[in-house]
Amino acid sequence: MRGLVFFFCCLVALASKYHSLNLTLNHRKTYEYKYEGEVKFGSGKPNRAESGVRIQCNIKISGESPQVFILQVSDVTFAELNGITGKSDFSQCPKLSQRIAAQLAKPFKFEHINGHVRQIQAAPDVTETTVNIVRGMLSFFHATVKTSPTVYELEEVGIHGMCQNNYATEINKQTNNMNITQVVDIDHCRIKAAVQNGMAFAVLDKETKQRGESMFSTVQYLYTIQPTEEGGMVKSAYALEQQHFSPFNVKHKKSSNTTKRVKSFIVKQLKSRITDENLCPCLQAIRMIKQLAEDHKNQIKKETTEDTLKVYQLLRMLQDRDLDEMWVELARNNEHRRFFLDMVAEINDDRVLKFLQKRFQAKDVSANEAVQTLLIAMNHLQPRAELVEKAKEIMNMEFIKSNPHLWTAAMFSFGSLVYKYCAYHSPCPQAAVQPLLNLANEGLRNHNETKMFIALRALGNAGHPGSIKTITNFLPGVAANPVDVSCRLQSAAMQALRLTARRDPHNVQEIALKVFLQKSCAPETNMMAIMVMFNTKPSAALVSTLTAHLEREKDIHLASFAYSYLENIARSKTPDNHYLSIYCSLAVKSLAAKFGRLSYNSRSFRMDMFDDDLLMGTSASLNMLGGPTSILPTEIISQQKYFAIGRIMRLMEFGIRSETLKQLIGPSIPGFKGDFSFSDFQAIYNALKNWESLPNDKPIISAYSRLSGQEFFFVNIQKDLLEYIKAAVSPSAPKGTPVWAAIEQLQKGLSWHWTKPLLNIEARLLQATTLGLPVEIAKYYQTVTGITINAKAAINPPQVQHLGDLMNADISLESEGVVGFTKDFWIFHGINTELFQCGSEMKSKAPVELPLKLSAKINVGKRVLELDIPACKNEFELISFRYVKIMIISMYGVGVCVDYDIRRQYFNNEYPLYSIMGFTHAAIRVVPAEATKPVEKIHLEVQCKPASHPLTIRHVYETMRRIAQVFEDFCNVTCASPLPPVVSIKAIAMSGNQNLEGFDVTLYNPSEGDTLKAQMIVSHIGDAANWKMCVDASAQSPANAMISWGAQCKPYKISVMTAAAQSPAPRQTLEAKVEWANVPEEMVNYCSRMERYIPGMALLSGFNQTFESNANQEVSASIVCASSDSIDVTIKLPKYTVFRQAVPLPFSSASFRVENTERNEQA
């Protein structure tokens, strides 16, 4: 932003013997000035598109009283810029000039006291945008002038908020005027005149922000003050405000871009720039929703997905009665109804709550529709006190309480609303979260575990510090009057503190430490306490205290989890763990001797990365919490996070908990050895067969899902559900069951379609600037997902009476459909008012589409499956990405765009991702292949035959498991096996009456009862086809595989061997070797070309290289465990050897050691 303002005083005060420089206005005089304000949007680089506006006028200030003055504006002209930097100029806009002049012609009253502008008053019909323009004009009469010292700092309230101001003054000896330079540090204002919404669920992280930001600004004022008897009079003033913004992070707060920006106070909804002014917003919205439903009826039409954003904005312009009219119009059609309910949830204020309240009272929406709409509406509401109160009314409606799933969704989403409300209001009133506290206390009094459990999980979403006292009632060893509750509730109570940890870290740390030390808790609750404690970012002292207690810990499962958790943090590279990783490294060194080799079912795994060039990062963790009562973890929690823009975005989180299932899988079960081989899974499966002995009134397992840290889904799997499923799929199930109903519908023909528009992200930032023109940064990310399926089945013979009869029937299925989605990401940076729009706009579109069309025949009894897939006839994009940046200037609903095409023209070190700016399009297309003869379809046939012993499947599993991640060793073997095949697969290209072309793959079990060997033959089908590939693999130590291929499996041979060895240290070692006797020339040429890149790639990866002669037709590798978290790697090629020591691992190698003896002793 550049604010260029020239002031010329037409009245010159009479000279006197004493002159003051304190900024003042004399109410007995009239001041006239010329004003010019200009704003430009662009990259600031030559030959790039830019847009902007300029306003020029004359202003007159006269006094009403010593402290009250009147501002009048005249001769207003407004001009626009939309072109190329250095080649285009501003052009006049007469109509808009008249419109703005009409607003500014009315007088504005303001107070001016001690050089500062106070209250500004305008006529009732003057828009807020106009008032802000006047505020920008008056900001040049707002300064603190001191004659001594000449350099001073002040924190004062200005147009940007309460900010640090740096002044430097100098007296012009010739004119006796004072020149003042004022610099405002608007990036670090204590109270910033800004409004931000949409980022409440993204944690602001100081350490991440220090690495780089997406925006920074500078503001400088230059004044010339003329001394008079009354005080200093503004002779002229100039202001320059520059705002540097990148859709990505800016490294080290430096940028070569000199984009110029303006911002303002007012929060306004984004106006759609493409509207029909002849229709009212309600009719436009109805028309567009119907059109969207039609466009996406069969498959996602990527060209119109952006229209959903326009519908959202139209809906936000409507009144309550308009929404009721739309419901009457659209509810009768299922497609229109679904689109409307999905989109009305984005109104984000009391109108959507009133609309839903009417629907719930009338009961004209289903529970499923209510759950989906309520979840989105509550999570996207504006964080305002009156909306929190209105949401409380929704929660208490009988319609909500009548359905347990709807009630749970309402509690969770209300907790999310409270969290967002508290993010913008600190301290947050306890009244906001009181309904959830009441629910928890009510459940505690009445011993209602369901109410207690749901209340605790909803309180976890709210993250309100005022809920700590209630939550601790469910934690043993913490509450003053502890209550005996189940382990399930203890775990839920500990998790309920996960978000409060950032808002009240001291209290949460104290509670977490107490729970960790509490031996009466279930082990998984102690482990959960560790996770919550580290959410608070504990100090070095607290980590040291935890370490001291761990050194004396006797629970080996708790110690195993705690040590692995500390080890993960010690290796972390993300900025939020910068200091914490140092503390944890010291802890790990202290505990390594005692716990370094533990490998129990209670462990934590984490992988993370952060790129200092791109200033982006990600992390993924898997936490398994358990104890000595079960061989399997009691809880498993998976979490993902994304780091950018100085914030931490919590992505998806999944959790599963074993409830009564633990009764079936105790500390030991028959046949379980602990190496998680097939026999172990078989033992677990045998134990699970006894599920019918579990109690009826308690869940068997439970699962949840969270997004952005907010739980939105929770389910209990009860015994009655399993019994229902068992009866429904039983071979003896007669006609009339739900499964039979689905089969009968398939026979008649099934057609199903589902579409879901979703506004995933809406984030907006507005803040005050020198000119007062409203400028915003808005980011929108939305998805439209669609699934269309048409299917029909036939059963022969058709006279089946039970599901079991289908086992020997011939079943054919014809299906056609498409699955796809389109993601639109849009960034707008500029002025957005009811008068005009101006700025830069960046759009990206990523559509994904997968057509589904096939014919299938299956006979379960004969173990035969046939698939026919039609050949590709038309080209289509499977995945594509489109990115474009344009400059816009829009007035009265008419848009004019200037596109510019960069196409990788530059790479800026400060903006690393700018290499994609301009216009970018990348796609993966599916196109019809050019064949020597036409192909109608691809026919796949799979046939399984019984092997000579019952361990066929385990044989395959064991073989594949033991040679995983090792190149298969291939050699020439006897291909004509006398044994019957285990599996036969045919892939054939069908070409009408012409001869078949394709491949036959057959898997054999070469040795009776041997589960560690497998044999496979791949044969070419076609005229005079004699090409074959023969594979013989063995998982016996050393594991090896051999292949030969060519005419009758003879010309070409390769072999591979891998084995675990023990080095002298002793240290675990893995050795692998690839040998070849004869390979095709094409393969030799390809490998030779690839070999040239290996030295450079090895050097970039930190490997050393030595030139030495090794075996000519062999490549070998050796991996040695150097420590618990690093390995030594040596790779030998024919002409040289590359090696690297202490290669860091993202996990501890001890994680894979199974200490069976120690495990059994502890069990």
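The values are calculated or read from the model by the stated rules, or taken from the named source; none is laboratory data. Model, not experiment: these values are computed from the prediction. Here the Cβ is made from the backbone with ideal geometry for all residues, glycine too, and neighbour counts use every protein chain on show. The accessibility values were calculated without ligands, DNA or RNA, using every heavy atom of the protein model including side chains. Shrake-Rupley method; radii C 1.70, N 1.55, O 1.52, S 1.80 Å.
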Self-check item: Neighbours by Cβ (under 9 Å, 6+ apart or cross-chain): first from the range 643-665, of a type in the set (D, E, K, R) and open to solvent by 30 Å² or more (accessible area, probe 1.4 Å); second in a loop (DSSP other than H, G, I, E, B) and at pLDDT 90 or above
Solution: 650/708; 650/709; 662/634
Quiz item: If we only count helices (runs of 4 or more DSSP H) wholly inside the range 272-376, which ones have 3 or more residues that are under 32 Å from the mean Cα position of the chain (by Cα)?
Solution: 281-295, 307-315, 334-344, 350-362
Quiz item: Just to be sure, is residue 810 on the phi < 0 side of the Ramachandran plot, out of contact with any Leu (no Cβ under 7 Å at 6 or more places or on another chain) and modelled with pLDDT of 85 or more?
Solution: yes
Quiz item: How many residues, within the range 482-508, are more than 28 Å from the chain's Cα centre (by Cα) and part of a helix (DSSP H, G or I)?
Solution: 6
Quiz item: Could you say which residue among 469, 519 is open to solvent by 30 Å² or more (accessible area, probe 1.4 Å), modelled with pLDDT under 95 and part of a helix (DSSP H, G or I)?
Solution: 469
Practice problem: Those residues that are over 16 Å from residue 941 (Cα atoms) and either surrounded by fewer than 16 Cβ atoms within 10 Å (Cβ to Cβ) or modelled with pLDDT of 90 or more (or both), I need them from the range 836-875; list them, please. | Solution: 850, 852, 853, 871, 872, 873, 874, 875
Self-check item: Residue list for the range 590-643, restricted to those being of a type in the set (Asp, Glu) and not in a strand (DSSP E or B)
Solution: 612, 613
Quiz item: Counting just the residues of the range 39-87 that are part of a loop (DSSP other than H, G, I, E, B) and among the polar types (S, T, N, Q), which one comes out nearest to residue 234 (Cα to Cα)?
Solution: 67
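Here is a yes/no grid of residues against (1) acidic (Asp, Glu); (2) assigned by the TED database to the domain that holds residue 34; (3) in contact (Cβ under 8 Å) with a residue 24 or more places away in the chain; (4) open to solvent by less than 10 Å² (accessible area, probe 1.4 Å):
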residue: 59; (1), (2), (3), (4): no, yes, yes, yes
residue: 72; (1), (2), (3), (4): no, yes, yes, no
residue: 79; (1), (2), (3), (4): no, yes, yes, yes
residue: 90; (1), (2), (3), (4): no, yes, yes, no
residue: 99; (1), (2), (3), (4): no, yes, yes, no
residue: 125; (1), (2), (3), (4): yes, yes, no, no
residue: 137; (1), (2), (3), (4): no, yes, yes, yes
residue: 145; (1), (2), (3), (4): no, yes, yes, no
residue: 155; (1), (2), (3), (4): yes, yes, yes, no
Quiz item: How about the range 206-239: which of its residues are among the acidic types (Asp, Glu), surrounded by fewer than 19 Cβ atoms within 10 Å (Cβ to Cβ) and closer than 30 Å to residue 382 by Cα?
Solution: 207
Self-check item: Top-ranked residue in the range 577-589 [being hydrophobic (A, V, I, L, M, F, W, C) and either assigned to a loop (DSSP other than H, G, I, E, B) or open to solvent by 40 Å² or more (accessible area, probe 1.4 Å) (or both); ranked as nearest to residue 627 (Cα to Cα)]
Solution: 586
Self-check item: Filter pass, residue 117 being in contact with a helix residue (DSSP H, G or I) (Cβ under 9 Å, 6 or more places away or on another chain), under 15 Å from residue 23 (Cα atoms) and in contact (Cβ under 8 Å) with a residue 24 or more places away in the chain
Solution: yes
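Yes/no matrix, rows are residues, columns are (1) under 27 Å from the mean Cα position of the chain (by Cα); (2) modelled with pLDDT of 90 or more; (3) not polar (S, T, N, Q):
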{"position": "165", "(1), (2), (3)": "no, yes, no"}
{"position": "173", "(1), (2), (3)": "no, yes, yes"}
{"position": "238", "(1), (2), (3)": "no, yes, yes"}
{"position": "241", "(1), (2), (3)": "no, no, yes"}
Practice problem: Quick one: residue 187 ticks every box in (1) in contact with a Cys (Cβ under 7 Å, 6 or more places away or on another chain); (2) in contact (Cβ under 8 Å) with a residue 24 or more places away in the chain except a single one, so which number is it? | Solution: (1)
Exercise. State whether one or more residues within the range 546-553 are in a loop (DSSP other than H, G, I, E, B) and in contact (Cβ under 8 Å) with a residue 12 or more places away in the chain.
Key: yes
Self-check item: Any chance residue 833 is crowded, with 20+ Cβ neighbours inside 10 Å and modelled with pLDDT of 90 or more
Solution: no
Quiz item: Looking only at residues in the range 700-711 that are touching a Lys or Arg at 6+ places or on another chain (Cβ under 7 Å) and assigned to a strand (DSSP E or B), which one is nearest to residue 379 (Cα to Cα)?
Solution: 711
Quiz item: Which one of these does residue 477 not meet: (1) on the phi > 0 side of the Ramachandran plot; (2) buried (at least 20 other Cβ atoms within 10 Å of the Cβ)?
Solution: (2)
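A quick yes/no check of all residues on (1) touching a residue at least 40 places away in the same chain (Cβ under 8 Å); (2) open to solvent by 10 Å² or more (accessible area, probe 1.4 Å); (3) part of a loop (DSSP other than H, G, I, E, B); (4) under 19 Å from residue 508 (Cα atoms):
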{"residue": "524", "(1), (2), (3), (4)": "yes, no, no, yes"}
{"residue": "530", "(1), (2), (3), (4)": "no, no, no, yes"}
{"residue": "542", "(1), (2), (3), (4)": "no, yes, no, yes"}
{"residue": "557", "(1), (2), (3), (4)": "yes, yes, no, no"}
{"residue": "561", "(1), (2), (3), (4)": "yes, no, no, no"}
Quiz prompt | Residue, farthest from the chain's Cα centre (by Cα), within the range 678-717, restricted to residues that are more than 24 Å from residue 655 (Cβ to Cβ) and surrounded by 16 or more Cβ atoms within 10 Å (Cβ to Cβ) | solution = 683
Practice problem: Please verify whether the range 969-982 includes one or more residues that are charged (D, E, K, R), closer than 25 Å to residue 1074 by Cβ and modelled with pLDDT under 80. | Solution: yes
Quiz item: Listed residues 1111, 1059; which is surrounded by 12 or more Cβ atoms within 10 Å (Cβ to Cβ) and part of a strand (DSSP E or B)?
Solution: 1059
Exercise. Search the range 335-387 for residues being touching a strand residue (DSSP E or B) at 6+ places or on another chain (Cβ under 9 Å) and polar (S, T, N, Q), and hand back the single one that is least open to solvent (accessible area, probe 1.4 Å).
Key: 348
Quiz prompt | Breaking point among (1) open to solvent by 50 Å² or more (accessible area, probe 1.4 Å); (2) touching a residue at least 40 places away in the same chain (Cβ under 8 Å); (3) touching a Ser or Thr at 6+ places or on another chain (Cβ under 9 Å), for residue 1094 | solution = (3)
Self-check item: residue 461 vs. criteria touching a residue at least 12 places away in the same chain (Cβ under 8 Å), surrounded by fewer than 20 Cβ atoms within 10 Å (Cβ to Cβ), on the phi < 0 side of the Ramachandran plot and part of a helix (DSSP H, G or I)
Solution: no
Exercise. With a cut-off of at least 3 residues that are acidic (Asp, Glu), name the strands (runs of 3 or more DSSP E) lying wholly within the range 748-838.
Key: 810-832
Practice problem: Would you check which residues across the range 718-760 are over 19 Å from residue 806 (Cβ atoms) and exposed (fewer than 15 other Cβ atoms within 10 Å of the Cβ) and list them? | Solution: 720, 721, 722, 723, 724, 751, 752, 754, 760
